[in-house]
Each structure stands twice: as C-alpha cells, then as structure tokens.
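The values are calculated or read from the model by the stated rules, or taken from the named source; none is laboratory data. For clarity, every value in this text was computed on a predicted model and none was experimentally measured. Cβ: placed from backbone, ideal geometry, glycine included. Neighbour counts: every protein chain shown. Quick note on the areas: whole protein, heavy atoms, side chains included, nothing else; ligands and nucleic acids left out. Shrake-Rupley method; radii C 1.70, N 1.55, O 1.52, S 1.80 Å.
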Amino acid sequence: NQITAFVDDGPTGASLIQALQLRLQQGPSPDSWQLMKPVDGAYDETYEAATLVLDPQVRVGPNEACVRAIDVAGNISASVCTTYFVEPR
C-alpha cells in the first residue's frame, strides 16, 4: 500500500517545501511522524508530491492517515487526515 500527497505553498507565501510527513493512527495512540519521499527526488519547489509505502497493516477496521507539510520558513501546516479500512483475510 502506498500513500501519495500533494502540497502547494504558492498561494500562501511561496516558500519552498522542506518536507511532507505522514502519521498513522491504528489504535488509541498515533504513530510518530514519518518523512515521505519526494516524487521528483528532492524537496526544492513550492509545489511538491511525495509518497510513502506503508508497512503491512495488521489492525483490522478503520485507521487514519494524516499528512502535514513543513516549508523552509519553518511553517507547519495543519494536518489533513483520511480514514482507510483494513479488511480481514
């Protein structure tokens, strides 16, 4: 499983994106933030796409994935989250 995220800082200040991070919540407490890999190989633009391949998911049922962006000015965006479901085998 792979998650892809997109961020555009052009409309809000045009700072270069420094990182996209992903955090999973597969139970009562969330995992730590993980660095996503930029699709074009480097964080060096105001618009970036990044991916992260997920480890095998073991918690059956609803889970949550949240993404946030950090720019070179040190601004951290609000998290954007989505729920995904893991089906039993």
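One residue stands out in the stretch 44-73 among those that are open to solvent by 50 Å² or more (accessible area, probe 1.4 Å) and under 10 Å from Ala19 (Cα atoms): the one that is nearest to the chain's Cα centre (by Cα), namely Arg68. Just one of the numbered conditions (1) more than 30 Å from Glu87 (Cβ to Cβ); (2) touching a residue at least 40 places away in the same chain (Cβ under 8 Å) is not true of Asn1: (1). In the set (1) closer than 20 Å to Ala14 by Cα; (2) touching a residue at least 12 places away in the same chain (Cβ under 8 Å); (3) exposed (fewer than 12 other Cβ atoms within 10 Å of the Cβ), Thr82 fails one condition alone, (1).
Exactly one residue out of Ala73, Ala42, Ala65 is of a type in the set (Gly, Ala, Ser) and part of a strand (DSSP E or B), and it is Ala65.
Selection of first residues in the stretch 65-78 that are farther than 13 Å from Ala49 by Cα and of a type in the set (Asp, Glu) and of second residues that are at pLDDT 90 or above and surrounded by 19 or more Cβ atoms within 10 Å (Cβ to Cβ), restricted to Cβ pairs under 6 Å at least 6 apart or on distinct chains, gives the following pairs, ordered by first then second residue: Asp71/Ile17.
Restricted to the stretch 12-37, and to residues there that are farther than 28 Å from Phe85 by Cβ and part of a strand (DSSP E or B), the residue that is most open to solvent (accessible area, probe 1.4 Å) is Gln18.
Step by step: first the residues of the stretch 1-11, then only those that are part of a strand (DSSP E or B) and open to solvent by 60 Å² or more (accessible area, probe 1.4 Å), then the one that is nearest to Ala73 (Cα to Cα). Which residue is that? Looking at the filtered set, the residue picked out is Asp8. Among the numbered conditions (1) surrounded by fewer than 11 Cβ atoms within 10 Å (Cβ to Cβ); (2) at negative phi, the only one that Gly41 does not meet is (2).
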